[in-house]
Structures are given as structure tokens and as C-alpha cells.
Amino acid sequence: MMDFDSRERGYPIEATSGVEGIYLYCRACKHTVRMRWADVVATWAVGTYTRDIARSLKCSKCGARQGSIQSWVDSRPRHARHLPDTEPYPIIGPVIRS
Ligand SMILES: [Zn+2]
């Protein structure tokens, strides 16, 4: 978990990772979405620190800038990963940032 107001800078993102992607969470209204790792890299360049990602988030629901991110890991056994995704949080694509 990395919050926009964390004291720690986090770690720089790399081109590949062992996780599915990240959860993007709004601390103000709890709106949560997911983003696949390739889209994380497409949105924020390799080398971007995780706290800077959290700070750059603006909630698409309430407009708050109180972002938090967390690793998204597919914990299902490998043979079950082709099954429909049952998590309630929508998966979003890369974000074009201005
Ligand atoms: Zn929000």
C-alpha cells in the first residue's frame, strides 16, 4: 500500500513485475479500480516512484486527489486463472495524462 501522503517515496516501477497490476484507490470515497501492469508502465514511465503515482491520481468519481495504490496479485491457482474474473473493481486501460 502506498498513499499520496506517505513519508516514504516507495520504489521505482520496472518494465515487468511479478504482479498482475495495481489497485488504484481513492481514500476520500473508496472508489477503486484496477490497472494491468503493462498499462501502468504505459501511463507512468519506468522509474516513476510509487508515491508519485499515488500523488498523480485524481479520482474519476469524486475528484479528490487522495490516491493510494496497492499491488494486484491474482491469487487463484494457475489452472483457474482463465476463469472469469469475479472481483468487483473494474479494470481500466492506460490513462492519458495531461
Ligand atoms: Zn473518490
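For region 71-83, indicate whether the set of residues that are within 16 Å of M2 (Cα to Cα) and either out of contact with any Phe, Trp or Tyr (no Cβ under 6 Å at 6 or more places or on another chain) or of a type in the set (A, V, I, L, M) (or both) is non-empty.
So far as region 71-83 goes, yes, one or more of its residues are within 16 Å of M2 (Cα to Cα) and either out of contact with any Phe, Trp or Tyr (no Cβ under 6 Å at 6 or more places or on another chain) or of a type in the set (A, V, I, L, M) (or both).
Looking only at region 1-46, which residues are more than 21 Å from R76 (Cβ to Cβ), part of a strand (DSSP E or B), more than 16 Å from the ligand (Cβ to nearest atom) and among the hydrophobic types (A, V, I, L, M, F, W, C)?
Once the filter is applied, which keeps residues that are more than 21 Å from R76 (Cβ to Cβ), part of a strand (DSSP E or B), more than 16 Å from the ligand (Cβ to nearest atom) and among the hydrophobic types (A, V, I, L, M, F, W, C), region 1-46 yields only M2.
State whether one or more residues within region 71-86 are within 16 Å of the ligand (Cβ to nearest atom) and either of a type outside the set (G, A, S) or in contact with a Pro (Cβ under 7 Å, 6 or more places away or on another chain) (or both).
Within region 71-86 (the criterion being within 16 Å of the ligand (Cβ to nearest atom) and either of a type outside the set (G, A, S) or in contact with a Pro (Cβ under 7 Å, 6 or more places away or on another chain) (or both)), the answer is no, since none of the residues qualifies.
Results for (1) within 17 Å of I91 (Cα to Cα); (2) surrounded by 16 or more Cβ atoms within 10 Å (Cβ to Cβ), shown as yes or no for each residue.
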residue	(1), (2)
E20	yes, yes
L24	yes, yes
T32	yes, yes
R65	no, no
V73	yes, no
P77	no, no
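Step by step: first the residues of region 47-70, then only those that are outside any helix (DSSP H, G or I) and among the aliphatic types (A, V, I, L, M), then the one that is farthest from the ligand (Cβ to nearest atom). Which residue is that?
I69
What tally of residues in region 63-95 results from selecting those that are farther than 17 Å from G21 by Cα and either in contact (Cβ under 8 Å) with a residue 24 or more places away in the chain or charged (D, E, K, R) (or both)?
Count: 3.
Under 8 Å by Cβ, and 6 or more places apart or on different chains, what pairs join a residue from region 19-30 that is in contact (Cβ under 8 Å) with a residue 40 or more places away in the chain with one that is within 8 Å of the ligand (Cβ to nearest atom)?
Qualifying pairs under 8 Å: Y25/H31; C26/C59; C26/K61; C26/C62; C26/A64; C26/Q66; R27/A64; R27/Q66.
Only the coordinates and a few stated rules stand behind these numbers; no lab work does. Just so we're clear, the structure is a prediction, and the values are computed from it rather than from any experiment. Neighbour counts are summed over all protein chains in view; Cβ atoms, including those assigned to glycine, are modelled from backbone coordinates with ideal geometry.
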